[in-house]
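J.: Right, I'll just put the structure down here and ask away after.
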């Protein structure tokens, strides 16, 4: 095997893209989980938690593979620290989704109809933001192939700006969901605390996706 073949084979870009893909698949499971919560269906909740666990473990396996084979002294278009920082943000998407599913299952959190009307739009917009983060990461190989060419950088920068706009929308939806939740505090009692944690975690998925994009923006700006 020639040295150039080794260099190409050792590139972490494709595994990072695969990792983000799995992390977003994990986040998408929030939507059927919400449906299961609204239906108070314990079996469906456990099924969704099981699938989220499976995807989170798959993301972990990819992450460990990337870390294990990431060259320490190899010329790369993206430095090792940047790769690891982006990877950690991506991995936190899967980890946070798993935290949500675990709490829902362990506490048997059944979603009141009034609260679903606020949480579902938030979750739907969060998934759109996560998918936009995936599209940004999917551009990594193109950025490298073009040598961070001006037109490609401009295109990716626009995609990251859109990601930021989507994250801002989720902030507004989070505020609306929180206000709905607190208006039900007398009815929900101590469960209000746990519901607030759930909706905060859901919104945090969009924040993590934006961090992926912002870290890449720092890279292309240098």
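J.: Find the residue count for the stretch 178-199, including only residues that are in a loop (DSSP other than H, G, I, E, B) and under 12 Å from residue 118 (Cβ atoms).
T.: Number satisfying all stated conditions: 1.
J.: Only one of 171, 141, 175, 157 is in a helix (DSSP H, G or I), over 15 Å from the mean Cα position of the chain (by Cα) and closer than 17 Å to residue 96 by Cβ. Can you tell me which?
T.: Exactly one residue qualifies, and that residue is 171.
J.: Please identify the pairs in which a residue from the stretch 147-164 that is surrounded by 12 or more Cβ atoms within 10 Å (Cβ to Cβ) has its Cβ atom under 9 Å from the Cβ atom of a residue that is at pLDDT 90 or above and not in a helix (DSSP H, G or I), counting only partners at least 6 apart or on another chain.
T.: As it stands, the answer is 152/139; 155/139; 156/139; 159/139, since those pairs meet every condition given.
J.: May I pose another question? All but one of (1) under 24 Å from residue 23 (Cα atoms); (2) modelled with pLDDT under 95; (3) surrounded by 15 or more Cβ atoms within 10 Å (Cβ to Cβ) hold for residue 218; state the number of the condition that does not hold.
T.: With respect to (1) under 24 Å from residue 23 (Cα atoms); (2) modelled with pLDDT under 95; (3) surrounded by 15 or more Cβ atoms within 10 Å (Cβ to Cβ), residue 218 is out only on (3).
J.: Checking residue 190 against (1) within 17 Å of the chain's Cα centre (by Cα); (2) over 19 Å from residue 24 (Cβ atoms), which test does it fail?
T.: Among (1) within 17 Å of the chain's Cα centre (by Cα); (2) over 19 Å from residue 24 (Cβ atoms), residue 190 violates only (1).
J.: I need the full set of residues from the stretch 8-45 which are in a helix (DSSP H, G or I), without any contact (Cβ under 8 Å) to a residue 40 or more places away in the chain and over 18 Å from residue 131 (Cα atoms), in order please.
T.: Once the filter is applied, which keeps residues that are in a helix (DSSP H, G or I), without any contact (Cβ under 8 Å) to a residue 40 or more places away in the chain and over 18 Å from residue 131 (Cα atoms), the stretch 8-45 yields 8, 9, 35, 36, 43, 44.
The values are calculated or read from the model by the stated rules, or taken from the named source; none is laboratory data. On a predicted model such as this, the values are computed, not experimentally measured, just so you know. FYI the Cβ positions are ideal-geometry reconstructions off the backbone, even for glycines, and counts take in every protein chain you see.
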